[in-house]
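As structure tokens, the structure follows; a few thoughts come after it.
The values are calculated or read from the model by the stated rules, or taken from the named source; none is laboratory data. Since this is a predicted model, take the numbers as computed values, not measurements. Cβ coordinates were reconstructed from backbone atoms using ideal geometry, including for glycine residues, and neighbour counts include every protein chain displayed. SASA here: full protein model, heavy atoms, side chains in, ligands and nucleic acids out. Shrake-Rupley method; radii C 1.70, N 1.55, O 1.52, S 1.80 Å.
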Amino acid sequence: MKVLNFGSLNIDHVYQVHHFVRAGETIGSNGYARHMGGKGFNQSVALARAGAEVYHAGCIGEDGGFLQAYLREAGADTAFLRTVDGPTGHAIIQVEPSGENCILLFGGANQQVEEAQIREVLSHFAAGDILLLQNEISGLAALLKEGAGRGMRIAINPAPMDGAILAADLAGVRWLIVNEGEGAALSGMADTQDILAALRKKYPHAAVVLTLGEKGAWYQDEKETCFVEAFHAGNAVDTTGAGDTFTGYFLAGMAAGAPVRRSMEIAARAAGIAVTRPGAAQAIPALQEVDPAGF
């Protein structure tokens, strides 16, 4: 089963700080590192390391060639990645001693995805293939429409949450993968069970995956509900790629035809390992490390 991830690629500039900078404040940084990132990029790395047949489509600038090389090394197919004029998207990330982070994004090449490119890329995929989307590139509405029209099974991680997501037609989505904040914004609810109930009512044909960080994760669809505990592999160093790791591993399980609970448990374990390491994509473990038995 093929997975097409039409998603973002970013260069992450990561600063270690005592606390997140406040309005009007100037603070020093205890450390700096440049990492590869973007939710789409991270999720493709996770899918590839989880053993999925994943293709990454999107746009980078001339400065982003090392991102393409890393995807290939991880095992993702980059034949549908386009190089455009202008800089690659990037992110400014602050990381506190606890491992919590805050992120400022610049779209760059990610905002140059066009409808003609979308139609051409999706023409290489068939009904039943998985189309993974986030909200860090242009063309989201066209991707949702084209994917649904081709009978692809659409998974969306609607981050960052903004007006484009709230206005999007998510009726054709098969898997809606959200964290607590995104779930609250889409549902208008605050309590976990209220979020799940509201999303079930609002998107009756979608399976909802609600990730809660160290509090675990829920899965709910028309027939099945399950909860998995978070996996604690050690002290958290950087939570930047945890959600992306979970998303990639969960969908790799779905592509492999694995049971939902098995896919959720392996995804939680992979995310738990990732947060003990610095960076995003670099921190994502391979399936052999997560669970040698696989899906």
Out of all the residues in segment 268-291, which are touching a residue at least 40 places away in the same chain (Cβ under 8 Å), in a helix (DSSP H, G or I), open to solvent by less than 30 Å² (accessible area, probe 1.4 Å) and within 19 Å of F41 (Cβ to Cβ)? A270, A271, I273, A281, A283
When every residue in segment 256-267 that is in a loop (DSSP other than H, G, I, E, B) and in contact (Cβ under 8 Å) with a residue 12 or more places away in the chain is compared, the one farthest from D129 (Cα to Cα) is A258
Does V21 fit the bill of being of a type outside the set (S, T, Y) and in a loop (DSSP other than H, G, I, E, B)? yes
Taking segment 69-117 and keeping only residues that are open to solvent by 40 Å² or more (accessible area, probe 1.4 Å), at pLDDT 95 or above and assigned to a strand (DSSP E or B), one is left with D77, R82, T83
Please determine, by comparing only the residues of segment 218-235 that are touching a helix residue (DSSP H, G or I) at 6+ places or on another chain (Cβ under 8 Å) and of a type in the set (G, A, S), which one is nearest to E289 (Cα to Cα). A233
Regarding H56, is this residue over 24 Å from P292 (Cα atoms), open to solvent by 20 Å² or more (accessible area, probe 1.4 Å) and not hydrophobic (A, V, I, L, M, F, W, C)? no
Unmet requirement for A76, which otherwise passes all of (1) in contact with a helix residue (DSSP H, G or I) (Cβ under 9 Å, 6 or more places away or on another chain); (2) over 18 Å from S44 (Cβ atoms): (2)
Could you list, in sequence order, the residues of segment 35-56 that are more than 14 Å from the chain's Cα centre (by Cα), small (G, A, S) and part of a strand (DSSP E or B)? none
